[in-house]
1. Out of region B:133-176, which residues are in a helix (DSSP H, G or I), closer than 23 Å to B:LYS73 by Cβ and open to solvent by less than 30 Å² (accessible area, probe 1.4 Å)?
2. Restricting attention to region B:112-124, which residues are surrounded by fewer than 23 Cβ atoms within 10 Å (Cβ to Cβ) and either of a type outside the set (D, E, K, R) or under 18 Å from B:VAL241 (Cα atoms) (or both)?
3. For A:ILE188, indicate whether it is open to solvent by 10 Å² or more (accessible area, probe 1.4 Å) and either part of a helix (DSSP H, G or I) or within 10 Å of chain B (Cβ to nearest Cβ) (or both).
4. For region A:78-118, which positions are closer than 15 Å to B:PRO254 by Cβ and out of contact with any His (no Cβ under 8 Å at 6 or more places or on another chain)?
5. Restricting the search to region B:185-216, which residues are facing another protein chain (nearest Cβ under 7 Å) and open to solvent by less than 10 Å² (accessible area, probe 1.4 Å)?
6. Answer yes or no as to whether A:ARG174 is in contact (Cβ under 8 Å) with a residue 12 or more places away in the chain, out of contact with any strand residue (DSSP E or B) (no Cβ under 9 Å at 6 or more places or on another chain) and closer than 20 Å to B:VAL251 by Cβ.
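The values are calculated or read from the model by the stated rules, or taken from the named source; none is laboratory data. This is a predicted model, so every value here is computed, not measured. Here the Cβ positions follow ideal geometry from the backbone for every residue, glycine too, while neighbour counts run over all protein chains shown. All accessible areas refer to the heavy atoms of the entire protein, side chains included, with ligands and DNA or RNA removed. Shrake-Rupley method; radii C 1.70, N 1.55, O 1.52, S 1.80 Å.
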Amino acid sequence: MTTQLKTLYDSIDPEIIETVETRSAEIANGASASSKVMAALALGSVPIALGVLSKEAYGQAPADVVDVLQFALLLEFLEAEFYNRGVAAAGLIPAEDRAIFTTIMAHENVHVAALQGLITAKGQRPNAKPTFDYTGKGLLPGFNFGATQYATFLALSQAFEDTGVRAYKGQADRLINDKPILTAALTIHSVEARHASEVRRLRGKKGWITQNSRDDLPLFTQAVYQEEDNFTQAGLNVVALGNGNGGSNAVTEAFDEPLTKQQVTFIVNPFIVGAP
Amino acid sequence: MSDKKTLVISSASQLLDGKTRRDFIRLMGVGGAAIFLPSVLTSCSDDDDNDGFDGGPIGPPNSGAPVVVDFAKGDIAIIQFAYALEQLEADFYTRVVANMSGFPAADQGILGDLKNHEIIHREAFKIILTPANDFTLNTNYGNLNFADRTSVLATARTFEDLGVAAYNGAAQYIINLNNLRLAGKIVSVEARHAAAIRDLIAPKSGSQGDAGTSFAPKAFDDAFRPSKVAAAAQGFIVERVTLNNAPAAFVQGPNNNG
C-alpha cells in the first residue's frame, strides 16, 4: 500500500477498507474491473481509482442504483396495472371498498411515474412495462377480474403489497450512498406497508405479519412470507423480548424482513409474460 | 406566602381534570404551593402524576433535565433518537391498554399488539445501545383523557405518522448497513400501525393530503429531519431532548416538507 493510499484509507471506515481491499485483490487477480477503474488506474490517479472502486466494491455504483430503480419500476408496474384493471372491472370491488383501491391505484401509478423520472434523471431509459398475466400462468386459473372474483383479487393484492414492502427493504443496502434515492425509496416503501396493512385488515387479518404465516393465501404465496419468522436483529437473538409482550408472535410482527432481488423475482415471474 | 398562589386539591380525581392539572403544573413552575387534603394522599398512594401508574415525576414537557443525543457519535445517535421515539410510543400504548376497557374489541386487539411491538422495539434498541448510551424519558400527555377513544386514537395517529417520517428522514444519516437494515425492518411496521390506527378513526377512507384521513394519505410518506421530529415529540416528553451536532444537511423526500 502506498503512503498516499494509506493516508486516504485512514479517513475511511475500516469496514469499507476491508471490502475495498478484498475487491481490490479480486481485481488484481483478474476479476472484472470496469473500464472506469482501469482508466483511472492507467492515469496513475490513485484517489480517483479508489473513489470509483469504493463505489463498485460496495455495490453502489450509479449503474447499481439504476438497477434498483428499474427493479422497483417493474414491481410498481405489476401493482399499478393490477389496480387499474381491478378498479375498472365492473362489479368486482364493492362500493364500500372502492375508496381503498382507488387510493392504492393512484399511489402505484404515481410511483411508476416517479421511478421513471428518477431513472431518466440518472441518464438512463426506464424499462418498458412488460405484459402481465394475473393468473400467474395458471396459479390462479380463470382469474380475470370477474365480478365474482373479489376474494382472489384481495388475496393477490395482499401478496403483492407484502412482497413490495419486503422487496424495497431488500434494496436499501444498494442505496446507502445515494441519499436522495434512498430517501425517495423509503417514502414509497412505507406507503406500500400502509397499503399492505389496510388490505390485510380488509381481509380480516392482522395488519402485520405473524411468524412466516401466509394466513389463508394459496400455497404459492408462501415465498412471500418465507423467513419472516426471523429472530435475529442487529446480530442479536431478540426472541426473549416477547416474554410478557406477546411472545414470539409479537417479536416477528414487530420486524418486517427483507427479500433479495432473487427471491422477489421468483415470486413475480409467474405474473410476467415471457419471464422464466 | 401571601404573594404566592395556593391551589387546594381535595381529591385525586381533580388532578385528572385538565384545568386543575395545568394549574398545578403552572403553579409548581413559579414556586407556588399546592395543598393536598388528606383524602388525596390516602387515595392515590405514590402515583405522582395520577395517570394510573406509580412513579415518574410530574412535570410539563421540556422542563426536565436535558437528554443529549450527540450526532458526533454517528449511528449511536440515530439509534438513540429512534429509541426516544420508541420509549414514547411504548409508554403511550402501555397507558392506553391499561385504560381501554371501554373500547370496542377490535380496537383492543390492535392497541394490544401495538403496545407489544413498541415495547419490543424499545427493548431491542436498549440492548443495542448498551448502558453507556441508555437513558430513560418521562412522558406527559397534558390533559389527554385515556378513556376517550377519539382522543387516544388521534394521539396514536400522531405518534405513528411521526415515527414513519422520523425513520424515513433519519435513514440518510446511517453509516452502518446493519443499522440501516434494522431501521428498514421497523419503519414499515410503524407504517402498518399508522394505517391501522387511521382506519380505526376513518374506516376505508380514501381522503388524501396533509389533512387526509385515509390509511395512506399520500403517495409518498413524509421524511422529516431529526430536529423537526424532536420538536414534535418534545410536546410529550418531560426531559429536554437536545440534539447536539445535528447534521445541517438534509436530503428532502418527494414531499419536500422535512
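1. At the first step, the residues of region B:133-176 found to be in a helix (DSSP H, G or I) are B:133, B:149-173.
Then drop every residue that is not closer than 23 Å to B:LYS73 by Cβ, which leaves B:133, B:162-163, B:165-173.
Answer for region B:133-176, where residues must be in a helix (DSSP H, G or I), closer than 23 Å to B:LYS73 by Cβ and open to solvent by less than 30 Å² (accessible area, probe 1.4 Å): B:ASN133, B:LEU162, B:GLY163, B:ALA165, B:ALA166, B:TYR167, B:ASN168, B:GLY169, B:ALA170, B:ALA171, B:GLN172.
2. Selection gives B:GLY112, B:ARG122.
3. no
4. Step one: filter region A:78-118 for residues closer than 15 Å to B:PRO254 by Cβ, giving A:106-118.
A:ALA106, A:GLU108, A:ASN109, A:VAL110, A:HIS111, A:VAL112, A:ALA113, A:ALA114, A:LEU115, A:GLN116, A:GLY117, A:LEU118 - these are the residues of region A:78-118 that are closer than 15 Å to B:PRO254 by Cβ and out of contact with any His (no Cβ under 8 Å at 6 or more places or on another chain).
5. Answer for region B:185-216, where residues must be facing another protein chain (nearest Cβ under 7 Å) and open to solvent by less than 10 Å² (accessible area, probe 1.4 Å): B:ILE186, B:VAL187, B:SER188, B:VAL189, B:ALA191, B:ARG192, B:ALA194, B:ALA195, B:ALA196, B:SER214, B:PHE215, B:ALA216.
6. Details: in contact (Cβ under 8 Å) with a residue 12 or more places away in the chain: yes; out of contact with any strand residue (DSSP E or B) (no Cβ under 9 Å at 6 or more places or on another chain): yes; closer than 20 Å to B:VAL251 by Cβ: yes.
So A:ARG174 passes the test.
Here is a yes/no grid of residues against (1) buried (at least 19 other Cβ atoms within 10 Å of the Cβ); (2) not small (Gly, Ala, Ser):
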residue: A:ILE209; (1), (2): yes, yes
residue: A:LEU219; (1), (2): no, yes
residue: A:GLN222; (1), (2): no, yes
residue: A:ALA234; (1), (2): no, no
residue: A:LYS261; (1), (2): no, yes
residue: A:ALA275; (1), (2): no, no
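Each row is one residue, and each column tells you yes or no for (1) open to solvent by less than 10 Å² (accessible area, probe 1.4 Å); (2) under 18 Å from B:ARG198 (Cα atoms); (3) of a type outside the set (A, V, I, L, M, F, W, C).
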site	(1), (2), (3)
A:PHE153	yes, no, no
A:ALA159	yes, no, no
A:ALA172	no, no, no
A:ILE176	yes, no, no
A:LYS179	no, no, yes
A:LYS206	no, yes, yes
